[in-house]
Structures are given as C-alpha cells and as structure tokens.
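One structure is given below, encoded as structure tokens.
The values are calculated or read from the model by the stated rules, or taken from the named source; none is laboratory data. Source: prediction; values computed, not measured. Positions of Cβ are generated from backbone atoms using ideal geometry, with glycine treated the same way; all protein chains shown enter the neighbour counts.
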Amino acid sequence: MTSEILLPAHSVPASGAVLNPFVIVDDASGLISFVSEVFGVPETAEARTPMPDGRLIHAELRLGTVDLMLGDRLDGWPARPGLLQVWVRDVATVLERASARGATTVTEPSPFYGATTLGRMLDPWQNLWWLYAPAPGQPDPTPHWDGGSDTVFDTLDDALRSLAAPS
C-alpha cells in the first residue's frame, strides 16, 4: 500500500529517507565524533549550523540513506535522545568500538528472529541503539514462554527503566 501523504522515497531530495531521526543532546559535537568513529561515517559538513556561541542548532551524519540529525540542547530545552535502529555487518565489532568510546553494552550479540543477530548499546548521550546484522541460516531463538532465553527483552526493560525519571 502506498501513502497518499508521504513523499515517495525516490522524490526525497539528496537521496534521503522519508523519515529521519533528530536528537537533541548536550555536546552535539561529541555525539558527532562518536557516531562518526563507531560507524565509520563522516559528518555532512555542509549541514553543520553553529550558533554564535558555538552550540550546534543543526548537524547531520548520513547512515546509509538516512540522515541522523542532531543539535545541542539550548537553555530551557529538554534533552531528546533517540531510540535508533541500525543495520551493521558485525554487531560485536560495533559494540567493541562503541564501548571504547564510552558506550555501555545493553544487550550482548544475541540470535534474533529472521536470521539476524541483535545487540544494543547506550551511548554517553543516552541514545539507545538497536544493532542488527544479517545471520543467514541462524535459526530463530526459542521464545521465552517456550523455555528460551528472555535476555533480549530483559536487557531492554532494565535499560529503559534505568533511564526513567524517578516517580
């Protein structure tokens, strides 16, 4: 089914995606360096828009066909980190690179449905990343209600609960 509302992907300027995440964090330049080093992608230099005080009101990195847009949190603004999914070649390698740059592994590489491997990390800016890699021929895990591991859910639940504001 095609949407009469969304622009077709082939019509998005600069070969971008129809949906692109935007996160607002403290130290956007640090997050740019982190993403660039962990995923091996450069910042889109022409998109960088600093304000007179040096904080970034806009910056971008291209991951595949998606632009991760980000900016610095301004006075009175809440931080708005993201929940981000990225397809990678090797989940363990990305987790190692991210850990070396201050990220916390939330979910170790785990077999997941559809012949994929899933891992998760929490970066120092509180973005939670889902990392998926193809794993051809890998069988689907046994659901926890049939005696399989509940690690994939439990690690996510623990991470999100740790980020929740105290009630």
Checklist outcome for this item: Considering the stretch 53-74, residues that are touching a residue at least 12 places away in the same chain (Cβ under 8 Å) and either among the β-branched types (Val, Ile, Thr) or on the phi > 0 side of the Ramachandran plot (or both), and then whichever is surrounded by the most Cβ atoms within 10 Å (Cβ to Cβ), we arrive at 66
Checklist outcome for this item: Restricting attention to the stretch 1-15, the residues that are free of Cβ contacts under 8 Å to residues at least 12 places away in the same chain and assigned to a loop (DSSP other than H, G, I, E, B) number exactly 8
Checklist entry - If you check 23, 41, which single one turns out to be modelled with pLDDT of 95 or more and within 11 Å of residue 70 (Cβ to Cβ)? => result 23
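Results for (1) closer than 20 Å to residue 120 by Cα; (2) assigned by TED's automatic domain parsing to the domain that holds residue 127, shown as yes or no for each residue.
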position	(1), (2)
40	yes, no
48	no, no
53	no, no
56	no, no
60	no, no
63	yes, no
73	no, no
76	no, no
86	yes, yes
Checklist entry - For the stretch 94-103, what are the residues that are surrounded by 15 or more Cβ atoms within 10 Å (Cβ to Cβ) and of a type in the set (Ser, Thr, Tyr)? => result none
Next on the checklist: Under 6 Å between Cβ atoms, which residue pairs at least 6 apart in sequence (or on different chains) link something in the stretch 97-119 that is in contact (Cβ under 8 Å) with a residue 60 or more places away in the chain with a partner that is crowded, with 20+ Cβ neighbours inside 10 Å?
Outcome noted: 97/38; 98/38; 98/121; 101/34; 103/121; 103/123
Item to check | Subset of the stretch 59-89 that is of a type in the set (Asp, Glu) and within 15 Å of the chain's Cα centre (by Cα) - its residue that is nearest to residue 28 (Cα to Cα) | outcome: 60
Item to check | Checklist (1) without any contact (Cβ under 8 Å) to a residue 24 or more places away in the chain; (2) surrounded by 14 or more Cβ atoms within 10 Å (Cβ to Cβ); (3) of a type in the set (S, T, N, Q) applied to residue 49, failing item | outcome: (2)
Checklist outcome for this item: Scanning the stretch 16-46 residue by residue, the ones that are surrounded by 14 or more Cβ atoms within 10 Å (Cβ to Cβ) and in a helix (DSSP H, G or I) total 9
